[in-house]
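Read through the structure below, which is laid out as structure tokens, and then see the notes.
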Amino acid sequence: MGKLPACAFRQERKNEQTIPNMATKKEPTTGLRKLMEDQLADIYFAEKQLVKALPKMAKNAGNADLRAAFEGHLQETHGQIERLEQVFGSMGLPAKGKTCPAILGLLQECTELMDEFGDDEALDAALVAGARKVEHYEIATYGSLSAWAEQLGLDDAAGLLQETLEEEQGADEKLTGIGEEVMGAAVVTDDEEEEELAEVEEDSLAVGKSKPPSNGSRIGAKSTANGNAKKKAVGKR
Ligand SMILES: [Fe+2]
Ligand SMILES: [Fe+2]
């Protein structure tokens, strides 16, 4: 058989590319729609990880407002997962997550902070910082998702995603306020540290037992400036 003209070859290639698409997909999947499906799966996975992480963060918080904020946001997160399932449903898709390395890294950082500052006055400030990084990640994701949903004319999905976006922004604002409260408690001057050590010594002498802590940084286990009892050995819990 003779050589096919170049135009015939191009036609053959074109058919090869278009036939599988027509056979397997009912509606065209645009780049943006595909991207939206990908990022929905990413945030669905992330929210499920947060449901596991938030109780641990609440347990480690010394400040009562911070603990309540984590507990409240855990409830919101359950609602956000339901909303995402509604978004998947509205797009005719099953709810399915895909591993999100970013949230795993952010949560790993929170765990490391809890271990490193478990006995320190700055633990609550560290928890606020770690949690705010997570909120900013979520805000960026939901911001993009709701804009894409609007662009694609997916009005129900856009509304649901916007609702969650506002919730995440509210959580970040709340954490920012608590952060201002707890950072004051995390400032310990050398004088204060000595005073607290002296108090601990006095208390020990009064009850006639136990030595004062040998490590000055551990006095945070006693009490904080905002009156909340601090917890110890976070990493072991
Ligand atoms: Fe969330
Ligand atoms: Fe959040």
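Where a number appears in this text, it was derived from the coordinates with a stated rule and is not lab data. All values derive from a computational prediction rather than experimental measurement. Cβ coordinates were reconstructed from backbone atoms using ideal geometry, including for glycine residues, and neighbour counts include every protein chain displayed.
Full extension of the chain between Ala64 and Glu150 gives 27.0 nm of extra length, using 0.36 nm per residue less the Cα-Cα distance. Remark: spin-label model distance Thr111-Glu82 equals 3.0 nm, labels positioned 7 Å along the Cα→Cβ axis.
Using 0.36 nm times the number of residues separating Lys34 and Thr176, minus their current alpha carbon distance, what extension gain do you get?
Length difference between fully extended and current span is 47.7 nm.
Determine the relative contact order of segment 50-175: mean sequence separation of Cα pairs under 8 Å and six or more apart, normalised by residue count, in whole percent. Computed value for segment 50-175: 27 percent relative contact order.
Between the C-alpha center of segment 98-147 and that of segment 35-72 there is a gap of 9 Å.
Convex hull volume per residue, computed on the Cα atoms of segment 30-185, equals 88 Å³.
Each residue, Met91 and Asp191, gets one label point 7 Å from its Cα in the Cβ direction; the gap between the two is 5.9 nm.
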